[in-house]
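Values quoted throughout were computed directly from the atomic coordinates according to the rules given, and no laboratory measurement underlies them. None of the values given here were measured: they were computed from a predicted structure. Note that we place each Cβ from the backbone using ideal geometry, even for glycine, and neighbour counts take in every protein chain shown.
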Amino acid sequence: MSIECQTYSKLMLKKVSWILFSLFMLSGVNSKAQDPHYSQYFNSPIFENPANTGFFNGTYRAALNYKNQWRSISNPYTTSAVSLDAPLLKRLFHHDAIGIGGLIVRDKAGDSEYGFTSGGLSLSYHKALNRRGNSFLLVGIQYSIVQKTIDYSALRFGDQFNGNSYDPDIQTNEKFVLEQLSYSDFNLGTKWFFHSISGITYHAGFSISHINQPNQSLYNIVDIPLKRKFLITYGNIIPIKGRIELQPGLSYSRQGRYNELLFGTLLNFNQTDNSAWPLDFNAGLYNRWKDAVIFMVGATYKLYNFGLSYDLNYSGLRKSSVYRGGPEISVIVTFGKERNIVKREVSCPIF
């Protein structure tokens, strides 16, 4: 290669690297993108809405969620969450109760593992709307401490080009400010639940995240508030015939100028009271509007609920993603479940 070509290549590499780094910093430091999200939002109860804290059939519940996305494009986005919650003071007033729980979330992306780790506490109140105990209004609050981090040493820059290739021993002249930042975060939520005499379950929720709009900038010379996120959910459980149920659901979120609409349905096959094979399982299809088709399967055996889904990307990104979005796994363990609860005259929360 001629000296002129080498010089031109070096200049172009430096220019492209600087553009990519600038775009990265603008998207990471002055971020207006959506929060991490799960396709199986109904299997991440506290992550979805703090009002869900402690609202289930049992004594306490542990949940684990993991999502891996865009591996075909770059170092993948990964989001992990673990939570533990329990209802307290059941039948405080008639069927009222208090829920308490904790949630830890880790989200990271790219070679620099840019992302955050958060640890939070949730508190909720379950208000029975009648004496039958089949209708509730829930309210919840969540407080978290968040630490945002980035590893600049994993990034490459144009001035680390030695004339032939990238040389990690060459110190970059790029100037950075912060490698980590901590802040407090507040979320609020409410939810309505109703289990009708006909056996149909209705539930609708609304939550607001980042109420205090904390500063998330890694530059200490400017404040970049984390935009509030508004989330609306709605769903049913509809008996079809015998042991078969239809479970449609919808989730809509908006954060800044970004929004997401997720909707679909599951078909449930209930076998819990079958002594020969006490296993519930489900399968279904969801759609993330203008982004991905999501295939879902799940099973419940005794204390354990397992969910597996895969996002098949069909948006404009499909040329790079080759239609691959990513897998998602959920595991929920519920201790102290009451058996055959749906056959009782007085219905209780069953999700």
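Quick notes on this structure:
- R0 of 56 Å, Cβ-Cβ distance Ile98-Phe176: FRET efficiency to nearest 0.05: 0.80
- Take each peptide in 102-111, 166-175, 60-69, count the other Cβ atoms within 10 Å of every residue, and average; sorted highest first, the result is 60-69, 102-111, 166-175.
- Of the peptides 177-184, 136-143, the order by per-residue mean of other Cβ atoms within 10 Å, starting with the highest, comes out as 136-143, 177-184.
- Spin-label pair Val222/Asn130, simplified geometry with 7 Å Cα→Cβ offset, distance in nm: 5.5
- Environment charge of Val139, counting only residues whose C-beta is closer than 9 Å and scoring Lys/Arg +1, Asp/Glu -1: +2
- Distance between modelled label sites at Ile329 and Asp169, nm, 7 Å Cα→Cβ extension: 4.1
- Distant-in-sequence amide contacts of Thr59, defined by a placed amide H-H separation under 5 Å and a gap of 5 or more residues or a different chain, comprise Phe335, Gly336, Lys337.
- 11 Å beta-carbon shell around Tyr114, net charge (K/R +1, D/E -1): -3
- Rounded, prolate or oblate (a/c below 1.5 giving rounded, otherwise prolate when a/b exceeds b/c) for the stretch 122-242 by Cα gyration tensor: prolate
- Fully extending the segment from Asp151 to Leu84, taken as 0.36 nm per residue of separation minus the present Cα-Cα distance, adds 21.1 nm.
- Along the axis of the charge dipole computed for the stretch 165-246 (Cβ charges of +1 for Lys and Arg, -1 for Asp and Glu, origin at the Cα centre), the listed residues Thr233, Ile197, Ser182 are led at the positive end by Ile197.
- Gained length - Lys290 relative to Tyr66, 0.36 nm times residue gap less alpha-carbon distance: 78.3 nm
- Estimated FRET transfer efficiency when R0 is 25 angstrom, pair Ala299-Arg106 (beta carbons, to 0.05): 0.45
- Prolate is the label for the stretch 174-240. Its Cα gyration tensor axes, ordered a ≥ b ≥ c, give a/c of at least 1.5 and a/b above b/c.
- In units of the rule-of-thumb radius 2.2 N^0.38 Å, the stretch 154-309 shows an alpha carbon radius of gyration of 1.61.
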